[in-house]
Amino acid sequence: MSAETIQSRRAWLLSDRPASRLQARLGRAYVSWRRFSANRLALVGMLIIIALVVVAAFADVLAPYSATVGDLKNARLLAPSAEHWFGTDDLGRDIYSRIVYGARWTLYVVILVAIIAAPIGLLVGTVAGYAGGWTDTILMRITDIFLAFPKLVLALAFVAALGPGIENAVLAIAITSWPPYARIARAETLTVRNSDYIKAVQLMGASPFRIVLRHIMPLCISSLIIRVTLDMAGIILTAAGLGFLGLGAQPPLPEWGAMIASGRRFILDQWWVAAAPGAAILIVSLGFNLLGDGLRDALDPRSGDQ
């Protein structure tokens, strides 16, 4: 591709007067990508998350051993070696294989929590911000009640009521994760509720439901995506905390928090049993934080020059 072709396509994407909605959307996406790619740490975070997805998708190929069955007689608590890269645990299971398969459960938790919590927070926040009055007061006081408790403590209470298990842990984390999203959505809604754009839609006869669904919620999506991405690290840590306390994933599932809990008994002599899953949680949490920072800079229309 010649330099002239590249320049013409770039000029087409950055045009001040796009000829179609597609051109406008592609132009905004291109500008956002330029902002994002300028942040090297954000690219590192994106690569970490891509690696997590690849590892989870191809765990059957990447893991040389079973994640649940070990050699208790011959391979118990072996140090890291060429045969077992991260060593083995107290049941003779390969820790590297368990971490690889544990990537699936990590993605399972963060994706389900995001799917459940983000829409709830978006709906509550936009309805409260647009309706105002008693609706806003009631919804925000309910939100304040959830925000008054530490997330892990509240999740522990819900899991204790629902019973231990990965599904109940996901539900408990989702129940405790939506209030910040509601606050962000409400703040975004208050800034556009009285704008000329919304007034014009009202004059055209659009119902409040349509205004909230079609015209206000899309404006809140970018801020919500940023907050959800930044919260992924907290979700992973909360899920690991529940697993560490025995209220999350149950044995023999290779969940990283449960792996740390089983390895804490050997932390002085066989440090690798707990250190390996702890390092996995650290790296993935760092990746989500770096990615969230990059998305915040890229999706914020007030940051940077186009």
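Computed from Cα positions, the angle between helix 217-244 and the longest principal axis of the chain comes to roughly 20 degrees.
Of all the accessible heavy-atom surface of the chain, with the other protein chains kept in place and a 1.4 Å probe, what percent is carbon and sulfur? For the chain, the apolar C and S fraction of the accessible surface comes to 66 percent. Take the Cβ atoms of SER207 and ALA187, set R0 to 30 Å, and the FRET efficiency comes out at 0.80.
Compared with the direct C-alpha span, the chain from ARG214 to GLU4 gains 71.6 nm at full extension, assuming 0.36 nm per residue. With a Förster radius of 45 Å applied to the beta-carbon distance between ASP196 and SER37, the computed FRET efficiency rounds to 0.85. For the charge dipole of the chain, defined by +1 on Lys and Arg C-beta atoms and -1 on Asp and Glu C-beta atoms about the Cα centroid, which residue among ILE50, ALA261, ALA117 has the Cα displaced farthest towards the positive pole? Most positive-ward Cα: ALA117. Placing +1 on each Lys and Arg Cβ and -1 on each Asp and Glu Cβ, with no other charges, gives region 55-124 a dipole about its Cα centre of roughly 120 debye.
Heavy-atom accessible area for ILE48, with the other protein chains in place and a 1.4 Å probe, reaches approximately 40 Å². If you take the square roots of the eigenvalues of the alpha-carbon gyration tensor of the chain and sort them as a ≥ b ≥ c, do you get rounded (a/c under 1.5), prolate (a/b over b/c) or oblate? The shape class here is oblate.
Less than 5 angstrom separates the built amide H of GLY165 from those of GLY248, all sequence-distant by 5 or more or on a different chain. Rounded to whole Å, the principal axis extents of the Cα atoms in region 200-274 read 72, 20, 15, largest first.
Residues of region 85-113 with backbone nitrogen within less than 15 Å of a virtual label 7 Å along the Cα-to-Cβ line of LYS73, please, listed as ranges. Flagged as within label range: 92.
As I understand it, the value is the acute angle between the Cα axis of helix 272-299 and the longest principal axis of the Cα atoms of the chain; what does it come to in degrees, rounded to 10? Helix 272-299 sits at roughly 10 degrees to that axis.
Please compute the per residue accessible area over the chain with all protein chains in place, 1.4 Å probe, rounded to a whole number of Å².
53 Å²
At 1.4 Å probe size, put TYR65, TYR181, TYR101, TYR197 in order of accessible surface, largest to smallest. Display every interim value, and only then the final one.
Working: TYR65 80, TYR181 5, TYR101 50, TYR197 115 Å².
Highest to lowest solvent-accessible surface, that is TYR197, TYR65, TYR101, TYR181.
With only Cα atoms counted, region 1-74 has Rg and Dmax values of 21.8, 72 Å. For the chain, averaging the sequence separation of C-alpha pairs within contact (under 8 Å, six or more residues apart) and dividing by the residue count gives a relative contact order of 24 percent.
Quick check for me: using +1 on Lys/Arg Cβ and -1 on Asp/Glu Cβ, what's the dipole size of the chain about its Cα centre, in debye to the nearest 20? If you can, show how the numbers build up before the last one.
On the way: 27 positive and 20 negative charges, 200 e Å.
For the chain, the charge dipole is close to 960 debye.
Using the Cα centre of the chain as origin and beta-carbon charges of +1 (Lys, Arg) and -1 (Asp, Glu), tell me which of ALA274, VAL61, SER195 is placed farthest towards the positive end of the dipole. So the residue furthest toward the plus end is SER195.
For region 248-253, backbone phi angles converted through the Karplus equation (6.51, -1.76, 1.60; θ = phi - 60°) give residue-by-residue couplings of x, 4, 9, x, x, 4 Hz, Gly and Pro being listed as x.
Could you work out the local net charge near GLY121, counting Lys and Arg as +1, Asp and Glu as -1, over the other residues with Cβ closer than 13 Å to its Cβ?
Numbers: positive: ARG183, ARG186, ARG227; negative: GLU188, ASP231.
Overall, the nearby charge balance is +1.
The values are calculated or read from the model by the stated rules, or taken from the named source; none is laboratory data. Computed from a prediction, not measured in an experiment: that's the story for all the values here. Cβ atoms come from the backbone with ideal geometry, glycine included; neighbour counts cover every protein chain shown. What goes into the accessible areas is simple: the full protein's heavy atoms, side chains included, and nothing from ligands, DNA or RNA. Shrake-Rupley method; radii C 1.70, N 1.55, O 1.52, S 1.80 Å.
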